[in-house]
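Remarks on the structure that follows.
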Amino acid sequence: MTARTTPPFRADHVGSFLRPKYLLDAREQFFVKKEITAEQLRAVEDKAITEIVKFQQDVGLQSITDGEFRRTYFHIDFLEQLGGVKTDIPVTIRKPDGTEELAPPVMRVVGKVEHVKDIQRADFEYLKSQVAAGLTPKVTIPSPTMLHFRGGRAGISKEHYPELDPFFYDDVAKAYGDELQSLFDAGCRYVQMDDTNMAYLCDEKMREAARQRGDDPNELPHRYAKFINKVVAHKPAGMTLAMHLCRGNFKSTHAAAGNYEPVAEALLSEMNLDAFFLEYDDDRSGDFRPLRYLPKGKIVVLGLVTTKFGEMESKDALKRRIEEASKYAPLDQLCLSPQCGFSSTVHGNNIAVEAQRAKLRLVVETAQEVWG
């Protein structure tokens, strides 16, 4: 086995990190108290991003993100900057047994979807300026399926889209393609799309909710594969485009569970993506058998290390799980990462900064021992 010189890397990560307190304070000063300007907030964000870049480099990662430090939510901040999109804020529901569960936001399409401005370019340019030579700055954006799944047909303007196919899907793909080209022109070569919906379609409760909205949960994965491929068709040559599947990651809670089997063929065989980050940190994700659909030339990054809790995994246990996964997909087509980001929203998971560092070091060291 050899190290990888192009992304994803043998030791990789999903992207978001715990926000430092001074950044949270500055956000409150700007968004709540209205005490500082946007320029002052951005200066604080710049400082925090410079520090988190150094943190990633010191840990030994080859792909470097800005920690999503300029965002409140991993998806809303991006999607609302597309023309024609509005979103409702997610909430946490307390269940009768006292546990908490995330009620995800609903994205609504209220007009023609279009790319009206560069969304991530300035943020990427600052990130790139901080990353050491030889390392790869990485941008994370929400998957375009976020614009359909939660609201279904009812969440998309019938005035602007009396028919979804091909008009809605083509417009969204064109908007994403314009953003990818903007990033490519700025020097970006590694983009990850974060997708909850393919993972939600592994959960029977979510599948039933899709049925109630008038969608067929068996057909949706294949429709989404065609949707993603419309985006891939716009991808600049030389850019790695990956997808991360997430079952919910809000203050250490999750929204869904279930084996990947209901979506595996559409995801791995039909989507023309370069790589897939799959959550495999606990039994919510099922076994590795769905990896049998992985074609040659594509990579699966195994999310074996949890970001939800501070308890440390053992290196030996990780190696055993990698070996188990390699029964279904070649070891050379596998990599290792945490299962999700440490802070998919500004609130962060219930985990300490020290554990965040230790888990990333564990990923790096394990990958070095497994792949060299």
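Structural remarks
- In this entry, G258 is excluded by the filter for residues that are assigned to a loop (DSSP other than H, G, I, E, B), open to solvent by 10 Å² or more (accessible area, probe 1.4 Å), small (G, A, S) and under 18 Å from A329 (Cβ atoms).
- For region 24-66, a residue qualifies if it is in contact with a Pro (Cβ under 6 Å, 6 or more places away or on another chain) and either part of a helix (DSSP H, G or I) or modelled with pLDDT under 95 (or both), and exactly one does: A48.
- Qualifying residue in region 191-201 (condition: open to solvent by 50 Å² or more (accessible area, probe 1.4 Å) and either in contact (Cβ under 8 Å) with a residue 60 or more places away in the chain or of a type in the set (D, E, K, R) (or both)): no
- Helices (runs of 4 or more DSSP H) (entirely within region 67-185) containing at least 1 residues that are of a type in the set (A, V, I, L, M, F, W, C) and at pLDDT 95 or above: 121-130, 169-185
- Selected residue (only one of L135, L147, L183, L127 is surrounded by fewer than 22 Cβ atoms within 10 Å (Cβ to Cβ), at negative phi and hydrophobic (A, V, I, L, M, F, W, C)): L135
- Scanning region 310-319 for residues that are farther than 15 Å from D282 by Cβ and surrounded by 11 or more Cβ atoms within 10 Å (Cβ to Cβ) yields K315, K319.
- Assessment of region 49-69 against the conditions (loosely packed, with under 13 Cβ neighbours inside 10 Å and within 27 Å of R247 (Cα to Cα)) yields no matching residue.
- Positions within region 337-372 being open to solvent by less than 10 Å² (accessible area, probe 1.4 Å) and among the aliphatic types (A, V, I, L, M), in sequence order: L360, V363, V364, A367
The values are calculated or read from the model by the stated rules, or taken from the named source; none is laboratory data. Small disclaimer: the values here were computed from a predicted structure and weren't measured. Ideal geometry is used to build each Cβ from the backbone, glycine not excepted, and the neighbour counts take in all protein chains shown. Surface areas here come from the heavy atoms of the whole protein model, side chains and all, with no ligands, DNA or RNA. Shrake-Rupley method; radii C 1.70, N 1.55, O 1.52, S 1.80 Å.
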